[in-house]
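Chemist: Dumping the structure here so I can ask a few things about it.
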Amino acid sequence: MPIPYLHFRGTCAQALAFYAETFGSAAPQLMRYAEAPDTPYPHDPDRVIHGQVMLPDGMLMASDFPPGMAGDPQQAVSLMLTAPDDATARDWFAKLGDGGAPILLYGPTFFSRGFGMVKDRFGTHWMISRAPEDPLDPTADA
């Protein structure tokens, strides 16, 4: 299974800590550029060369762009998570939206009793869905 790998502009440590708190995960594992042996990049003590955190559906890895390198973090990628129930889905959506911007407000759709899209304050796009009561019918009543 592929593991998502996100890139940030100097906010990787804060983003991964926020995701760990949002999803109730253990603190992220981080290695800073300053700790990396034999790297051609400046040894920036604040930027993360590699980090990872567990999400409910699996591992998320990330880093900051190297110092001086331009890039657009998460411009064409969304992370999809399925919550075990509606209350959890609403909680995740609200937390991710704090300081961010909703793209599609959480609510019922033609394919799910609960689904929403949000861009968090770090620029990551999320799609949050609640698990269907009947896995064969995603619109079944709970």
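Chemist: All but one of (1) outside the structural domain of R9 (by TED's automatic domain parsing); (2) touching an Asp or Glu at 6+ places or on another chain (Cβ under 9 Å); (3) within 24 Å of P4 (Cα to Cα); (4) in contact (Cβ under 8 Å) with a residue 24 or more places away in the chain hold for A101; state the number of the condition that does not hold.
Modeler: (4)
Chemist: For G71, all conditions in the list (1) within 22 Å of R121 (Cβ to Cβ); (2) more than 14 Å from the chain's Cα centre (by Cα); (3) free of Cβ contacts under 8 Å to residues at least 60 places away in the same chain hold save one; what is the number of the exception?
Modeler: It is condition (3) that G71 fails.
Chemist: In the set R90, R121, which member is over 18 Å from T11 (Cα atoms), within 16 Å of the chain's Cα centre (by Cα) and basic (K, R)?
Modeler: R90
Chemist: Then there is this: Mind counting the residues in the stretch 1-58 that are assigned to a helix (DSSP H, G or I) and over 13 Å from the mean Cα position of the chain (by Cα)?
Modeler: 3
Chemist: Taking the stretch 1-50 as the search range and keeping residues that are in contact (Cβ under 8 Å) with a residue 60 or more places away in the chain and touching a Ser or Thr at 6+ places or on another chain (Cβ under 8 Å), which one is nearest to R90 (Cα to Cα)?
Modeler: Selected residue: A15.
Chemist: Keeping to the stretch 81-102, report how many residues are part of a loop (DSSP other than H, G, I, E, B) and either closer than 20 Å to L16 by Cα or modelled with pLDDT of 95 or more (or both).
Modeler: So the count comes out to 3.
Chemist: How many residues does the stretch 103-120 hold that are part of a strand (DSSP E or B) and either of a type in the set (F, W, Y) or surrounded by 14 or more Cβ atoms within 10 Å (Cβ to Cβ) (or both)?
Modeler: Number satisfying all stated conditions: 7.
The values are calculated or read from the model by the stated rules, or taken from the named source; none is laboratory data. Keep in mind it's a predicted model, so treat the numbers as computed, not measured. Quick reminder, even Gly has a Cβ in these numbers, built from the backbone with ideal geometry, and neighbours come from all protein chains shown.
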